[in-house]
Amino acid sequence: MLKLKKLVKTYRTGDQALKAIDLEVPEGQVLALIGPSGAGKSTLIRCINRLVEPTSGEVWLGDIELTHLKSSGLRRARREMGMIFQEYALVERLTVMENVLSGRLGYVGFWRSLTRRFPQSDVDEAFRLLDRVGLLEMADKRADELSGGQRQRVGICRALIQNPKLLLVDEPTASLDPKTSRQIMRLICELCAERGLAAIINIHDVALAQMFVQRVVGLRFGAIEFDGPPDALVPEVLTTIYGEEDWEATIKKVEDDDTEIEAAE
Ligand SMILES: Nc1ncnc2c1ncn2[C@@H]1O[C@H](COP(=O)(O)OP(=O)(O)OP(=O)(O)O)[C@@H](O)[C@H]1O
């Protein structure tokens, strides 16, 4: 469904953030992207929807190659790719409903987008999504009245109302406490399963990734160092991705924390 071929990104500063990445993501697969700070995770996600322009290589979404698309073709292709951000990227002074509906801006015509008048079917779908993520009661609240976890749920609804084939998720839990992080990761993965959606989730928390996804890709210095199932992420593999560390202690500690959270839920 998504295929990256020899994808390279070299920033103007000379930083080679991606070194000829080859990656294939089949339909409906949820993949976690891990790796140390500066490994190229955000760059990879942003090169797919061209928020960052790749230097060379190809990005195929189905049978469309994205790197050469001009404005209208790119706009159409971007509808297929919902994005979820670490800092939610909501419009603070707008309501929850308005923020969710803004996910439809790629579909409505120019004049409608200016006046933000959306078809009733979009409004109905927004209510359905808000209900699904437990925010129905919040539809008329302003975004700046919400907690971090609630904001991220709005961000998820805004991405889903696009009716995408692929979710690009950039550190969705980095600003959240451990329990809310788990709830958000679970929600994203459940929604992907319900809708047959593929997702690439850039995530720092390895234990959280292991808990919820079917496949983990580890980046280091802009190259793929590991690609496999979560239970193959043994300490030796983590060392090749992140460098030397006492992984046994880290893994154990996280597992202990989970048990506590599980018991509290
Ligand atoms: N706009 C930019 N201009 C120049 N260099 C950049 C830019 N954005 C990222 N880089 C560089 O590209 C490399 C990859 O950065 P990127 O943000 O993709 O890594 P990351 O794995 O997402 O890191 P983090 O986990 O800290 O967010 C780093 O060396 C970074 O300094």
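Could you size up the charge dipole of the chain around its Cα centre, putting +1 on the beta carbon of Lys and Arg and -1 on that of Asp and Glu, and report it in debye to the nearest 20?
1760
Pick from Asp140, Asp170, Asp205: which is most flexible by mean-square fluctuation in a GNM of the chain where alpha carbon atoms under 10 Å apart are linked?
Asp140
In which sequence would Phe226, Phe221 go, from the one with the fewest C-beta neighbours within 10 Å to the one with the most?
Sorted ascending by nearby Cβ count, the order is Phe221, Phe226.
On average over all directions, what projected area in square nanometres does the stretch 42-188 have, based on the convex hull of its Cα atoms?
9.2
Give me Tyr11, Tyr88 sorted ascending by neighbouring Cβ count inside 10 Å, so fewest comes first.
Ranking Tyr11, Tyr88 by Cβ neighbours within 10 Å, fewest first, gives Tyr11, Tyr88.
Relative contact order for the stretch 92-163: what is it in percent, counting Cα pairs under 8 Å that are at least 6 residues apart?
About 55 percent, as a whole number.
Of the residues Lys165, Lys70, Lys41, which exhibits the maximal mean-square fluctuation in a Gaussian network model of the chain defined by a 10 Å Cα contact cut-off?
Most flexible of the set in this elastic network: Lys70.
Once you've got the Cα coordinates, tell me which of Lys6/Lys70; Lys19/Lys70; Lys3/Lys41; Lys141/Lys165; Lys141/Lys179; Lys41/Lys70 are over 19 Å apart.
Where the Cα-Cα span goes over 19 Å, the pairs concerned are Lys6/Lys70; Lys19/Lys70; Lys141/Lys165; Lys141/Lys179; Lys41/Lys70.
Counting C-alpha atoms alone, how compact is the chain: give Rg to one decimal and Dmax as a whole number, in angstrom.
Computed over the Cα atoms of the chain, radius of gyration and Dmax are 18.8, 57 Å.
When the chain is treated as a GNM, springs tying every alpha-carbon pair under 10 Å, which of Ile64, Ile224, Ile156 comes out with the largest mean-square fluctuation?
Greatest mean-square fluctuation among the candidates belongs to Ile64.
Please order Asp63, Asp177 by the number of other Cβ within 10 Å, starting at the fewest.
Ascending number of Cβ neighbours within 10 Å: Asp63, Asp177.
Considering all projection directions equally, how large on average is the shadow of the alpha-carbon convex hull of the stretch 92-163, in square nanometres?
Mean orientational projected area (the stretch 92-163, Cα hull): 4.3 nm².
Using +1 on the beta carbon of Lys and Arg, -1 on that of Asp and Glu, and nothing else charged, what's the dipole of the stretch 92-163 about the Cα centre, debye to 20?
200
Since every read-out is calculated from the coordinates, none of them should be taken as a lab result. Nothing here was measured: the structure is a model prediction, and the numbers come from that model. Note: ideal-geometry Cβ built from the backbone for every residue, glycine included; neighbour counts use all protein chains shown.
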